[in-house]
1. Can you go through LEU147, LEU135, LEU143 and tell me which one is open to solvent by 50 Å² or more (accessible area, probe 1.4 Å) and in contact with a helix residue (DSSP H, G or I) (Cβ under 8 Å, 6 or more places away or on another chain)?
2. Within segment 52-74, can you find the residues that are within 21 Å of the chain's Cα centre (by Cα) and open to solvent by less than 70 Å² (accessible area, probe 1.4 Å)?
3. Take ILE136 and tell me if it is within 30 Å of HIS188 (Cα to Cα), touching a residue at least 24 places away in the same chain (Cβ under 8 Å) and in a helix (DSSP H, G or I).
4. Kindly indicate which of SER116, SER87 is of a type in the set (Gly, Ala, Ser), surrounded by 15 or more Cβ atoms within 10 Å (Cβ to Cβ) and at pLDDT 90 or above.
5. Does LEU54 meet the test of being touching a Cys at 6+ places or on another chain (Cβ under 8 Å), touching a residue at least 24 places away in the same chain (Cβ under 8 Å) and assigned to a helix (DSSP H, G or I)?
6. Test of understanding: among ALA15, ALA49, ALA11, which residue is at pLDDT 85 or above, surrounded by 15 or more Cβ atoms within 10 Å (Cβ to Cβ) and not basic (Lys, Arg)?
7. Consider segment 31-72. How many of its residues are within 25 Å of PHE113 (Cα to Cα) and β-branched (Val, Ile, Thr)?
8. For segment 161-197, which positions are open to solvent by 50 Å² or more (accessible area, probe 1.4 Å), small (Gly, Ala, Ser) and at pLDDT 75 or above?
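The values are calculated or read from the model by the stated rules, or taken from the named source; none is laboratory data. All values reported here derive from a predicted model rather than from experimental measurement. Neighbour counts are summed over all protein chains in view; Cβ atoms, including those assigned to glycine, are modelled from backbone coordinates with ideal geometry. Surface areas here come from the heavy atoms of the whole protein model, side chains and all, with no ligands, DNA or RNA. Shrake-Rupley method; radii C 1.70, N 1.55, O 1.52, S 1.80 Å.
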Amino acid sequence: VLRTSPSYDTAMFWAQMASIPVIAVAFVHVETRLSRLFARFYGRLGQSASLRELTEVRQELRGCVISSVAMLFTALAIVATMTILVSFVFMAELGLRPSYMSILRVALWAMVFHTSSMFCFVFLLYFDLRRQALLITATYAVLNPALTMAILPLGQVYYGYGSMIAAAITFVLGFSVLVRELPWLHYHAFITNNTSL
């Protein structure tokens, strides 16, 4: 029932598989550090800390989140570049045709932006900012099929560009929303996420 394009699907599959090492680092290293700072920030709220103390912890938490997104984005870009270089040597082993190598390159950069936007999504959920997280996923859910359908008639040369552009826009939106909301953690803790209000 579903239409498939084995060469296209194979390129997209390997592009997504390439993100696994960075995702593993995110959950083993980044998330544990973030979780510790997160617990410290909300623990200080429960201990009736002063605004100055909360601001210091919030600044540390903000620095951790922004540097983590930047580090993970850079790591994904390095993985994408290395995968592109390795794919020329192991093209047959990966099940790729030479004519579809351009799709792999585009798919790898789409993976960089998409995975980075998902990291922004996860960080927003950490702070219980569900509306902002929904905005990110809804943006990608709308843009990906819309841009793919718009670019599809241009032919094989442009396969994958719809996904890459949608992922890039979603990442820029996700990162800007994350940066905008981080200074307001006090407000969200006391007002927007306060179930007693």
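1. LEU135
2. Those that are within 21 Å of the chain's Cα centre (by Cα) and open to solvent by less than 70 Å² (accessible area, probe 1.4 Å): LEU61, GLY63, CYS64, VAL65, ILE66, SER67, SER68, VAL69, ALA70, LEU72, PHE73.
3. For ILE136, the condition - within 30 Å of HIS188 (Cα to Cα), touching a residue at least 24 places away in the same chain (Cβ under 8 Å) and in a helix (DSSP H, G or I) - is met.
4. Details: SER87 fails: at pLDDT 90 or above.
Testing whether each residue is of a type in the set (Gly, Ala, Ser), surrounded by 15 or more Cβ atoms within 10 Å (Cβ to Cβ) and at pLDDT 90 or above leaves just SER116.
5. Judged against the criteria, LEU54 is not a match.
6. ALA15
7. 4
8. SER176 - this is the single residue of segment 161-197 that is open to solvent by 50 Å² or more (accessible area, probe 1.4 Å), small (Gly, Ala, Ser) and at pLDDT 75 or above.
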